[in-house]
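One structure is given below, encoded as structure tokens.
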Amino acid sequence: MFYITRFKDIERREYECEVVTPLFLGGADPQKAELRVPPIKAAMRFWWRALYDGEDTTKEMAEREAAIFGSTDKKSTLSVTVHRLNSKTALRDLPPGKMVPVEGKTYKTSIINYLAYGLFEYKNAIKKNVYTKEHIEPASRMKIIISFLPAFETDVLNAFKTLITFGGIGARSRNGFGALCCTEFIDQKMKKAGELKSFTSFSKETKLFNKFNKHENWSDALSEVGEVYRNARLKLDKRHSWDNRRFIALPIEAQRENIPEPIRHGRHAKPYFLHVNKTSDGKFQGQILFLPYLYKATPGDRSNQVPEYMAACGKMNEEIEKAMGGAK
């Protein structure tokens with residue numbers, strides 16, 4: 001349901017949202033699931049920056065961002081409140097989704113566990129992974145209320161719509177967890193213009209891979225895009241090599257395997273956003289958004305590795321495109 005009100009020059013919007021994929025969002029106790037405002041505002045701020053049209057180093061950008069979201073010197077003019085409608089929390093294993101082979105091994109692994117790495121622990125006593133963090137379950141509903149100054153209406157609403165359409169909130173949101181659905185934002189358009197910036201943002205290099213199959217449940221939809229992402233990344237290098245994979249995300253370190261220090265400490269944000277949409281017919285469909293940026297060798301380093309970074313991402317995109325082409 002969607003409302004518009006104005007009080008003392010403040011615009012207000014209310015949105016009913018549904019949790020599409022498990023939402024791992026903690027509070028004072030990080031093990032307990034809790035709906036909190038700061039992560040929602042932080043996610044909106046991230047997507048506002050991703051949508052910003054101007055130069056990324058200008059005073060104007062910093063001033064407008066601070067005017068909306070606040071800074072150390074200025075209070076935010078944006079207010080967000082969240083109300084639980086029927087949300088349920090749980091501490092239990094997630095459905096495994098598709099089981100995929102592990103390179104060089106005789107066993108298979110859960111693609112959902114692969115995407116949720118870090119949210120569970122392996123228990124030797126029972127020989128399985130056990131989730132240690134609660135999550136808010138899919139199909140839970142919440143009301144998000146956003147209040148803002150009229151001058152910032154376009155900025156705020158576009159940031160929120162983009163968060164709903166391409167992102168998520170909570171842990172592992174780039175891997176498809178914490179996705180929300182809001183019926184007002186189905187079929188939101190993607191921005192594709194501008195040059196690469198020093199941070200994750202939309203540009204002329206942006207790509208959206210969304211020709212995947214529709215599924216009856218979220219886990220099958222996330223499994224499909226998760227497997228495509230994993231297979232594409234594995235094809236970038238031979239086993240135990242990270243020359244190209246390091247540009248995508250920090251490799252998971254296996255037993256008796258040491259990741260070189262320059263790669264470990266030069267970790268950067270992953271430019272791929274896995275996401276599951278709930279479609280208008282009640283089905284679930286995955287997508288992968290590619291948002292590259294000006295890749296620096298290490299934080300604060302003026303040199304860049306943009307050619308190598310874009311070459312690795314180009315190979316990755318080719319593999320995703322080929323795999324996505326098999327979707328019906």
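Some notes on this structure:
- Here Cys17 clears all of (1) under 30 Å from Phe177 (Cβ atoms); (2) open to solvent by 20 Å² or more (accessible area, probe 1.4 Å); (3) in contact (Cβ under 8 Å) with a residue 24 or more places away in the chain; (4) touching a helix residue (DSSP H, G or I) at 6+ places or on another chain (Cβ under 8 Å) except the condition numbered (2).
- Matching residues, the range 59-79, being open to solvent by less than 40 Å² (accessible area, probe 1.4 Å) and not aromatic (Phe, Trp, Tyr): Met61, Glu65, Ala66, Ala67, Ile68, Gly70, Ser76, Leu78
- Residue within the range 89-101 that is at pLDDT below 85, open to solvent by 20 Å² or more (accessible area, probe 1.4 Å), among the charged types (D, E, K, R) and under 30 Å from Lys235 (Cα atoms) present: no
- Look at the range 190-209: where a residue is outside any loop (DSSP other than H, G, I, E, B) and a partner is hydrophobic (A, V, I, L, M, F, W, C) and open to solvent by 60 Å² or more (accessible area, probe 1.4 Å), sitting 6+ places away or on another chain with Cβ atoms under 9 Å, you get Leu208/Met190.
- Top-ranked residue of the range 235-257 - restricted to ones that are modelled with pLDDT under 75 and in contact with a helix residue (DSSP H, G or I) (Cβ under 8 Å, 6 or more places away or on another chain), ranked as most open to solvent (accessible area, probe 1.4 Å): Leu250
- Count of the range 152-195 residues which are among the aliphatic types (A, V, I, L, M), open to solvent by 30 Å² or more (accessible area, probe 1.4 Å) and touching a strand residue (DSSP E or B) at 6+ places or on another chain (Cβ under 6 Å): 1
- Members of the range 102-115 found to be farther than 22 Å from Gln31 by Cβ and open to solvent by 30 Å² or more (accessible area, probe 1.4 Å), listed by number: Val102, Glu103, Gly104, Lys105, Thr106, Tyr107, Lys108, Thr109
- Looking across the range 133-166 at every residue that is outside any helix (DSSP H, G or I) and touching a Phe, Trp or Tyr at 6+ places or on another chain (Cβ under 6 Å), the one that is nearest to Ile68 (Cα to Cα) is identified as Ile144.
The values are calculated or read from the model by the stated rules, or taken from the named source; none is laboratory data. Model, not experiment: these values are computed from the prediction. Because the Cβ atoms are built from the backbone with ideal geometry, glycine has one as well, and the counts that use them run over all protein chains shown. When the accessible area is computed, the model is the full protein with side chains, heavy atoms only, and any ligands, DNA or RNA have been set aside. Shrake-Rupley method; radii C 1.70, N 1.55, O 1.52, S 1.80 Å.
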